[in-house]
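Notes for the one structure printed next.
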Amino acid sequence: VLYLLAPIKMDPEMDSQLKIGFIGAGNMAYGIAKGILSGNVLPANVKVSAPSSRNFGRFQELGITVTHSNIEVVCGSDVLFVAVKPHLVQLVLSEISQHVTDRHIIAPDFINYNNLFFRTQ
């Protein structure tokens, strides 16, 4: 597991193949998702989970798949954003820990997302 703590330069061709997952469907996840989609990542390669359906509509308008299952998001992602309130981080990490593998890159919610590896055009 790689915890993303610094920018990573990636080939734009590789960006389009990345599977991106968000645990949490709040404003932070939405803003990051919109930024990612303005680059080379396809909406079909992005999935969002949350316990409530309240914010799902705006993600669906972007073409992003939504689910209530954090495990589904983890299992279908290469890069995972844990975009939940700070008091929920430990609970979420405990839930998903046995499904995270060496292929995953996890971006915890306390990172400054302005410095991530996703480029916009």
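Each value in this text was obtained by applying a stated rule to the coordinates, not by laboratory testing. Computed from a predicted model, the values in this text were never measured in an experiment. Counting neighbours? That spans all protein chains shown, and the Cβs are built from the backbone with ideal geometry, glycine included.
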field: Mean Cβ neighbour count within 10 Å, used as a protection proxy, ranking 97-105, 37-45, 23-31 highest first
entry: 23-31, 37-45, 97-105
statement: By Cβ neighbour count within 10 Å, fewest first, F56, F81 rank F56, F81
- prompt: Treating the beta-carbon of each Lys and Arg as +1 and of each Asp and Glu as -1, no other charges, what is the dipole magnitude of region 14-115 about its Cα centre, to the nearest 20 debye?
  reply: 220
- prompt: So what is Rg over Rh here for region 14-115, counting just Cα atoms and using Kirkwood for Rh?
  reply: 0.92
